[in-house]
Amino acid sequence: MEQTKRRIAILGSTGSIGQQALEVIEKHRDLFEIELLTANNNSSLLIEQAKKFLPNNVVICNHDLYQEVQKELNPLFIKVFAGLESAGDLAGGDNVDIVLSSIVGFSGLAPTIKAMKKGKVIALANKETLVAAGSIISNLSREYNSPIIPVDSEHSAIFQCLQGEKASIEKLLLTASGGPFRELDICKFKDITKADALKHPNWNMGNKVTIDSSTMMNKGLEVIEAAWLFNIPIDKIEVIVHPESIIHSMVQFSDGSVKAQLSYPDMRIPIQYALTYPHRINLNSKRLDFYELGQLNFYKPDTNKFPALSIAYDSFKRGGNTTCAMNGANEIAVDLFLKEKIKLTQIPIIIEKTLEKFTFISNPTLEDIYNTDKEAKQIAKQVIKN
Ligand SMILES: NC(=O)c1ccc[n+]([C@@H]2O[C@H](COP(=O)([O-])OP(=O)(O)OC[C@H]3O[C@@H](n4cnc5c(N)ncnc54)[C@H](OP(=O)(O)O)[C@@H]3O)[C@@H](O)[C@H]2O)c1
């Protein structure tokens with residue numbers, strides 16, 4: 001890698017992705033410098049991280065926690081700001097080379113856009129950004145020369161498979177663990193509890209993405225993310241259930257060759273690759289033992305059990321602001337499921353009902369996207385009330 005350190009801004013440093021990114025960076029202090037850390041509510045972890053990594057700037061998005069963070073970090077000459085607006089402004093600052101976009105949900109969109117408009121390299125974990133505003137984000141990436149390096153393990157796998165390739169892609173094979181309910185009989189889905197849904201078989205992630213994995217909406221979001229990232233028709237993206245999560249995704253080329261990227265599930269690998277790209281550096285990840293693995297399994301996804309996957313394909317095909325509305329409705333439904341106000345099986349129903357009612361816009365502006373998110377969230381809440 002270069003002689004100079006890469007200066008990193010982490011949007012959402014207290015989350016699962018943010019914390020693993022800091023783990024990677026801690027092991028390679030000679031290669032990276034932390035410029036910005038941000039959190040929403042977890043002020044104590046943010047303070048702890050800032051004391052360890054001594055960034056120039058810290059943002060606590062929840063204004064109520066500003067005083068507490070400021071009091072702790074001011075003596076260390078760390079500048080403290082409040083609000084999501086500041087997070088975006090500072091991520092676009094002159095001292096930043098790479099922005100890790102790892103806030104969860106639609107809230108990640110605005111700061112990511114601000115950083116893109118300053119031409120930053122975006123290491124993208126926040127898939128909702130591309131789901132809600134894929135066309136706008138793709139245009140911004142070109143216009144402002146702001147490259148997007150995927151962090152999601154599946155998209156990182158595809159990105160890695162494409163390195164050095166000039167051939168056209170025939171098909172993307174996006175793998176899915178199938179989540180905790182892959183083998184559960186459909187008639188038992190109504191009894192699923194929050195605790196059941198938060199037990200992902202292979203990955204330890206934030207709550208929202210874990211629930212999305214249990215409904216397979218996560219895979220739906222990822223199909224849309226892949227379509228935008230790799231500029232490929234959605235019908236050329238096939239989801240394959242692969243319960244072991246060893247193959248993180250594959251690319252099929254026009255000569256029939258298929259390339260895959262494999263490892264035991266460990267998000268530090270795609271995070272590190274995004275931060276060091278185009279280089280690879282050491283990581284103490286567990287090495288694959290094929291004899292221990294014995295066999296890998298592959299199944300077709302069951303869209304009767306997991307209708308969210310079909311909703312995602314259909315929403316993308318409908319185009320315009322549909323996937324933004326789908327995402328907004330899903331965020332509300334997941335939040336209410338986590339608050340134990342609705343059943344898991346109601347999530348796709350709420351999304352479908354929202355999609356029947358939102359205002360369709362075929363070529364949405366960014367303002368339309370913000371309005372669509374608001375409208376879809378209101379409709380979803382109304383659907384639940386009724
Ligand atoms: N976790 C994974 O393994 C994984 C894998 C692939 C992709 N992803 C994607 O990466 C993103 C982050 O996932 P995660 O699992 O790391 O989520 P997470 O553990 O829930 O962390 C979310 C982060 O965003 C911050 N945040 C939440 N709401 C915010 C708001 N309104 N304004 C500002 N900051 C806010 C949180 O701050 P506080 O902690 O202070 O609340 C936290 O730092 C998601 O889009 C997810 O789909 C995650």
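Could you say whether any residue in segment 321-331 is aliphatic (A, V, I, L, M), at pLDDT 95 or above and within 20 Å of Pro243 (Cβ to Cβ)? Looking for residues that are aliphatic (A, V, I, L, M), at pLDDT 95 or above and within 20 Å of Pro243 (Cβ to Cβ), one finds none in segment 321-331, hence no.
Number of residues in segment 160-207 that are closer than 22 Å to Ser16 by Cα, basic (Lys, Arg) and in contact (Cβ under 8 Å) with a residue 24 or more places away in the chain equals 1.
Of all residues in segment 201-216 being more than 22 Å from Ile311 (Cα to Cα) and within 13 Å of the ligand (Cβ to nearest atom), which is modelled with the highest pLDDT?
Gly206
Among the numbered conditions (1) crowded, with 17+ Cβ neighbours inside 10 Å; (2) within 15 Å of the ligand (Cβ to nearest atom), the only one that Arg7 does not meet is (2). Taken over segment 61-90, the criterion of being under 14 Å from Leu11 (Cα atoms) and among the polar types (S, T, N, Q) is satisfied by Asn62, Ser86. Note on segment 40-64: residues that are of a type outside the set (S, T, N, Q) and touching a strand residue (DSSP E or B) at 6+ places or on another chain (Cβ under 8 Å) total 11. Scanning segment 76-88 for residues that are part of a helix (DSSP H, G or I) and either outside the structural domain of Ala123 (by TED's automatic domain parsing) or closer than 16 Å to His63 by Cα (or both) turns up Leu84, Glu85, Ser86, Ala87, Gly88.
If you go through segment 107-134 one residue at a time, how many are more than 9 Å from the ligand (Cβ to nearest atom) and part of a loop (DSSP other than H, G, I, E, B)? Residues that pass the stated criteria total 4. Can you find a residue in segment 72-79 that is within 26 Å of Leu221 (Cβ to Cβ) and modelled with pLDDT of 95 or more? No, because not a single residue in segment 72-79 is within 26 Å of Leu221 (Cβ to Cβ) and modelled with pLDDT of 95 or more. When segment 135-159 is filtered for residues that are without any contact (Cβ under 8 Å) to a residue 12 or more places away in the chain and assigned to a strand (DSSP E or B), nothing remains. Give me the pairs: first residue in segment 43-61 and over 18 Å from Ile98 (Cβ atoms), second residue of a type in the set (Phe, Trp, Tyr), beta-carbon distance under 7 Å, and six or more apart or on different chains, which are they? Between residues of segment 43-61 that are over 18 Å from Ile98 (Cβ atoms) and residues that are of a type in the set (Phe, Trp, Tyr), the close pairs are Ile60/Tyr66.
Let's see how each residue does on (1) farther than 30 Å from Gly320 by Cα; (2) surrounded by 19 or more Cβ atoms within 10 Å (Cβ to Cβ):
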| site | (1), (2) |
| --- | --- |
| Leu37 | yes, yes |
| Phe53 | yes, yes |
| His63 | yes, no |
| Leu73 | yes, yes |
| Gly88 | no, yes |
| Leu109 | no, yes |
| Ser141 | no, no |
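Of the helices (runs of 4 or more DSSP H) lying entirely inside segment 200-305, those containing at least 3 residues that are touching a helix residue (DSSP H, G or I) at 6+ places or on another chain (Cβ under 8 Å) span 207-215, 217-229, 268-276.
Between Val99, Val104, the distinction of being assigned to a strand (DSSP E or B) and either within 12 Å of the ligand (Cβ to nearest atom) or not small (Gly, Ala, Ser) (or both) belongs to Val99 only.
The values are calculated or read from the model by the stated rules, or taken from the named source; none is laboratory data. Since we're looking at a predicted model, the values are computed, not measured. Neighbour counts are summed over all protein chains in view; Cβ atoms, including those assigned to glycine, are modelled from backbone coordinates with ideal geometry.
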